[in-house]
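The values are calculated or read from the model by the stated rules, or taken from the named source; none is laboratory data. What you are looking at is a predicted structure, and each value in this text was computed from that prediction instead of being measured. Using ideal geometry, Cβ is built from the backbone for each residue, glycine included, and neighbour counts are taken over all protein chains shown. Accessible surface areas use protein heavy atoms only, side chains included; no ligands, DNA or RNA. Shrake-Rupley method; radii C 1.70, N 1.55, O 1.52, S 1.80 Å.
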Amino acid sequence: MLLISYCWHGLVLNDINSLSYDITIFAGLFITLYSFISLFLSFVISVYLPEKGRLFKHFTIGLFFGFLIYLIAFVLGVSFNDGGLNHVVLDFVWQMFEQSLGAVAISLYYLLCYRIDKVKKMNAIR
């Protein structure tokens, strides 16, 4: 999520050039924030492991989480520039997509670990 967020804001939109404070402070806070977001999202996904439709359900958890994160950022007034309503809507959709992609990546990781563990247990029985 950190990498795709940097690509979006740093390379595509070039928002990072318009920062009003030091880039090292921004990078440190950015990495810290995304570490906490990833840990929390990983925790929620590890607790909720449905039998059917796991990827879709985890995708929707990411959508909801992206919605909440952007609402917090919007209410606090944290934004890169004043692009009007179009910028707000685009950033809103992007945040939801970004968190959903992260949730799917975490879900796939857990699924892969589960399957590897299952194969190891089967081999240990033999």
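Numerical summary
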| item | result |
| --- | --- |
| Subset of the range 24-43 (residues that are of a type outside the set (S, T, N, Q) and surrounded by fewer than 16 Cβ atoms within 10 Å (Cβ to Cβ)) | I25, F26, A27, G28, L29, I31, L33, F36, L39, F40, F43 |
| Selection status of S46, among the small types (G, A, S), touching a Phe, Trp or Tyr at 6+ places or on another chain (Cβ under 7 Å) and open to solvent by less than 50 Å² (accessible area, probe 1.4 Å) | yes |
| Matching residues, the range 1-48, being in a helix (DSSP H, G or I), touching a residue at least 60 places away in the same chain (Cβ under 8 Å) and of a type in the set (A, V, I, L, M) | I4, I16, I37, L41, I45 |
| Residue selected from the range 49-102 under the condition of a type in the set (S, T, N, Q) and either modelled with pLDDT of 80 or more or assigned to a helix (DSSP H, G or I) (or both), by the criterion surrounded by the fewest Cβ atoms within 10 Å (Cβ to Cβ) | N86 |
